[in-house]
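Colleague: Questions regarding the structure given below will be posed in turn.
Please treat every number below as a calculation from the coordinates, not as lab data. Note that the structure is predicted; figures quoted are calculated from it, not measured. We place every Cβ from the backbone using ideal geometry, glycine too, and count neighbours over all the protein chains shown.
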Amino acid sequence: MAGNEGDMTTRSRSWLLTLLLLPLALAAISDTEEKRPPSGADLEERVRSALLRLPDYGVFDQLSFRVDGDLVTLDGAVHRAIVKTEAEEALTRTPGVGRVLDRARLLPVSTEDDRVRREVFWRIYTDDFLAKHGTPAAGNRIGSHPVRIIVENRNVSLCGAVNSDADRARAGAEAGRVAGVRSVVNEIRVAGD
């Protein structure tokens, strides 16, 4: 019987040791999974999501990015400095981003450019033909507009996406009708192209 008691004690100790070490092993596995770098597509989606959630990102800003490993290069143009600051801060807090290279341009302050922005916005988003794109529903941010309007020295660049070539052409034509506009570069994509 003494031999059986010794076997029982050894088995009990083994089970007790297993029960004590199991949580530590599971925690180690969990930490490893959390520290695993996200795939390129996952990181791109995280970066895109972080930029779209910026509180001050609006219809007069256009940000783009490129991901190379854990480096995110931010490009584009913004009309208020706060957007540039918020974008860089949001990206540095995004899991998987190691470094941010901020190449986004801050557009010059100009009352004339502000007038052009407002008028181009009005022409595009109140035009009967383009009304189907509408303005965001109550509670949505201005950043939800499908056509972005970038104005620098009264030169207008339109980007974003619309439903058809006719919508694209009409938006460009409406922007060109605004008094004082020097040029219009229409970079709007047709969705699905």
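Colleague: Could you tell me which of ALA173, GLY160, PRO146 has its Cα farthest along the dipole of segment 142-183 towards the positive end, charges placed at Cβ (Lys, Arg +1; Asp, Glu -1), taken about the Cα centre?
Modeller: Projecting each Cα onto the dipole axis, the largest value belongs to ALA173.
Colleague: So if each residue of separation counts as 0.36 nm, and I subtract the Cα-Cα distance between ARG189 and ASP165, what length gain in nm does that give?
Modeller: The ARG189-ASP165 span can extend by a further 7.8 nm.
Colleague: Here's another thing I want to ask about it. Just how far, in whole angstrom, is segment 157-193 from segment 66-123 if you go by their alpha carbon centroids?
Modeller: One Cα centre to the other: 21 Å.
Colleague: Mind ranking 182-192, 151-161, 43-53 by how tightly packed they are, going by the mean number of other C-beta atoms within 10 angstrom, highest first?
Modeller: 151-161, 43-53, 182-192
Colleague: Using each residue's phi in segment 93-103, evaluate 6.51 cos²θ - 1.76 cosθ + 1.60 at θ = phi - 60° and report the 3J(HN,Hα) Karplus result to the nearest Hz, with x for Gly and Pro.
Modeller: 8, 6, x, x, 8, x, 9, 10, 9, 8, 10
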